[in-house]
Amino acid sequence: MNPFSSGTRLRDMIRAIRSCKTAAEERAVVRKECAAIRAAISENDQDYRHRNLAKLMFIHMLGYPTHFGQMECLKLIASSGFPEKRIGYLGLMLLLDERQEVLMLVTNSLKQDLNHSNQYIIGLALCALGNICSAEMARDLAPEVERLLQFRDPNIRKKAALCSIRIIKKVPDLAENFINPAASLLREKHHGVLITGVQLCTDLCKVSSEALEYFREKCTEGLVKTLKDMANSPYAPEYDIAGITDPFLHIRLLKLLRILGQGDADASDCMNDILAQVATKIESNKNAGNAILYECVGTIMSIEDNGGLRVLAINILGRFLSNRDNNIRYVALNMLMKAITVDAQAVQRHRATILECVKDSDASIRKKALDLVYLLVNESNVKPLTKELIESLEASDQEFKGVLTAKICSLVEKFSPEKIWYIDQMLKVLSEAGNFVKDEVWHALIVVISNASDLHGYSVRALYRAFQTSTEQETLVRVAVWCIGEYGDMLVNNVGMLDIEEPITVTESDAVDALEVSIKRLNSDLTTKAMALIALLKLSSRFPSCSERIKDIILQNKRSFVLELQQRSIEFNCILQKHQNIRSALVERMPVLDEATFSGRRAGSLPTSVSTSTGTARNLPNGIAKPAAAPVADLLDLSSSDAPAPSSSGGDFLQDLLGVDLSPASAPPGTSQPPKAGTDVLLDLLSIGTSPPAQSSSSASNILSSIQDDKASLVNLNGLASLTSLSPNATSASPAPMMDLLDGFGPSPQKKEENGPAYPSLVAYESSTLRMTFNISKQPGNPQITLIQAIFTNLSPNVYNDFLFQAAVPKFLQLHLDPASSNTLPASGNGSIIQSMKVTNSQHGKVCTEFE
């Protein structure tokens, strides 16, 4: 016989597949076998149809497609013999599901088999219907299944009950048809029928409130009696498991009683006694008993209030926590988390056992126990529980430390009775697991310390001690560095010593040593080193004897490859060398940070919105306050022709667009000057973005001069109208009138001549080192073109070499730069460089809404 013919036995095909040594060989065998089965199907081979379908089921279980055999299932189901129907229904359940359209063709066969005289064929039809029943099939066949719930054979009743569960899940509207038949099943003596009837009633209660009320009124007492009979029943070998009669039925009955008693005081009172009996009588030394006790506890917690029963249930869960089985302890912790909302005081009695679970070797139990402890903490027990958790933190592994640290920090912050206790606990956490602490946590600690003025000395001394022993904890180092920089003098002079403190002797050199160590640590990141440099700058004013050493430490980062550290080093060194008169003002202690504001921002409760000139608020996604756009004339002809005159009291969207301040350099006395909307990036690079306070203008000018030495001038054309107001040392002469530089900014001045210069010269920028003058004119007949002649004069004693002038414009402008007259700018005003440029405004005379 051909080994791949339709007559090949199933065992031969299985043997051939198992003998394959590679996946390719297996695919070849399956492909040949499928080809033989297809040939038999096309020949309508009835003798081997059941054998071919059995092969297809095995091939389907291997993962190969077998859709071509679906019709064979229907043909076998339609046959009259039981063996063919058995193979056909088995294939139907394996090869098809409720989404297949072919399934509609089998409905009539199912209906005939449900009315068959042979109970075994009825059983096959019920099994198939219970597995692949669709909503349409449920509506068509529900009457037959309902009738079979009263069938004489218990096996058929059991299968009909399971099939009914599928039907009411697919079509909940049919639930009312099954209420009375399901209630009759609860009086069955056969445990198989009874357990399916209980499950059917449970599902009916979930989908139908009418069924719930019916069973609650009619069946509660019967269910309690059934459970009592089972609890007191003698030994029954056919149902006994570990000395307990049918624990599966116990559990199903308890689940149904839970649904019936929830929200109904009368039903709850009816089942109180039997629940207490089950909870006390069932032994917990076997898994079967533990399963029943767990469901009993769940039922007690769900029904209406009975304080004594709930204490008994929670005590059972406490016993579960002492069990060596990890699964039992986990489900006990899970149930205790639900019970804490019902009776927190009873759960508190098992606090010690729960804390032991936090140290368990199983990760899931540790995490669940920690979640439960977090719920147990309140104002009265926060101190002992926090102490226990910190002790657990010392012994926990690296993977668990992050979760445990977050919980401890949250508890300390939420329930802290006093600031000194908060600081002490946070220091313990930072010392033990500082690398796992999030940024907002140590930020909050700094805020608390800054607000506790009477604890400044205590905090800096405690942090200094912790720093000496735990330098590997990054966040601890950061907080210690910040406190030493702010309160280093208190550390050295032992200011604010408390009675609980031990005396400590720290010299100025020791404090500087700590900051130097934090900079030179291999593990220190950029944030820590930057904070240490700032702290050193502050200590240079408070520790005059160590100022030279501090200066040397700061200079060591002058050639750092990290730009941030290099910039800080150069700038701080400049302050130490050249600006002693303003250093003390620069390094004063930070003002007290507002705790409420910080907490609100951290919780996201403060909206990021600003008020506009019209009194409305504009929400900004990034929290940056932008002034409202005022309807003023536009520099680049972007405003409408009927726009009102510029107003000094309102902002201009051009300020945001170009990033410059269009207000005059000085405001008349008694008037308020609007805040600067932004600083141009190029101006920021030259450190001339904002004006310093008036009292230190000369010193700030010197800083600017030292930074600008030997630099070529770099100016952004976008800021032409306001450069005179941006320089710290710029000429403060009366501001020039608003210029129509590119047509449209403010009212146009009167032209002197028809063909002569249209506008006066403009000193665009002037400082102690450089002056830039712009001569602006228009081409007759071409109002969209603006000609600018830039004259650069060097006022410093140094010669500027490699002179380069760069300018940037918005995309709707076109800029043409002619070559400069020279690349060397003579010193002391002995010469100048002239460079011409032409700006073309493509939007001249048009209204542009691009930036609105």
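The values are calculated or read from the model by the stated rules, or taken from the named source; none is laboratory data. This is a predicted model, so every value here is computed, not measured. Methodologically, a virtual Cβ is constructed for each residue, glycine included, from the backbone with ideal geometry; neighbour enumeration extends over all protein chains shown. Surface areas here come from the heavy atoms of the whole protein model, side chains and all, with no ligands, DNA or RNA. Shrake-Rupley method; radii C 1.70, N 1.55, O 1.52, S 1.80 Å.
Can you give the accessible area of residue 221 in Å² (nearest 10), computed on protein heavy atoms with a 1.4 Å probe?
Roughly 140 Å² of residue 221 is accessible to a 1.4 Å probe.
Can you spot the aspartates and glutamates whose alpha carbon is less than 18 Å from residue 286's alpha carbon? Ignore those fewer than 8 places along the same chain.
Within reach: 240, 246, 295, 325.
Hey, which of these cross-link pairs are over 31 Å Cα-Cα: 85/225; 281/338; 281/401; 419/558; 111/189?
Exceeds cut-off: 85/225; 281/401; 419/558.
At most 10 other Cβ atoms within 10 Å and a DSSP loop assignment: could you name the trypsin sites (Lys or Arg not before Pro) in segment 119-173 that fit?
Sites meeting the loop and neighbour criteria: 152.
So which aspartates and glutamates can residue 158 reach, going by Cα to Cα under 13 Å and dropping same-chain residues fewer than 8 places off?
By straight Cα distance, residue 158 reaches 146, 188.
What order do you get for 121-127, 772-778 when each peptide is scored by the mean count of other beta carbon atoms within 10 Å, highest first?
121-127, 772-778
Magnitude of the Cβ-charge dipole of segment 536-594, K/R +1 and D/E -1, about the Cα centre, nearest 20 debye?
180 debye
Amide H of residue 763: which non-local residues (sequence gap of 5 or more, or other chain) have their own amide H closer than 5 Å, using H built in the peptide plane?
Amide H neighbours of residue 763, under 5 Å, 5+ apart: 774.
Checking the a/c ratio against 1.5 first, then a/b against b/c, what shape does the Cα gyration tensor give for segment 111-205?
In terms of gyration-tensor shape, oblate.
Run the 1.4 Å probe and let me know the accessible area of residue 836, rounded to the nearest 10 Å².
The value for residue 836 is about 40 Å².
Order 391, 144, 43 by their accessible area, 1.4 angstrom probe, all chains in place, largest first.
Ranking 391, 144, 43 by accessible area, largest first, yields 43, 391, 144.
Can you put 271, 61 in order of accessible area, largest first, using a 1.4 Å probe?
Accessible-area ranking of 271, 61, largest first: 61, 271.
Rank these by accessible area, largest first, 1.4 Å probe: 269, 499, 439.
Largest accessible area first, the residues go 499, 269, 439.
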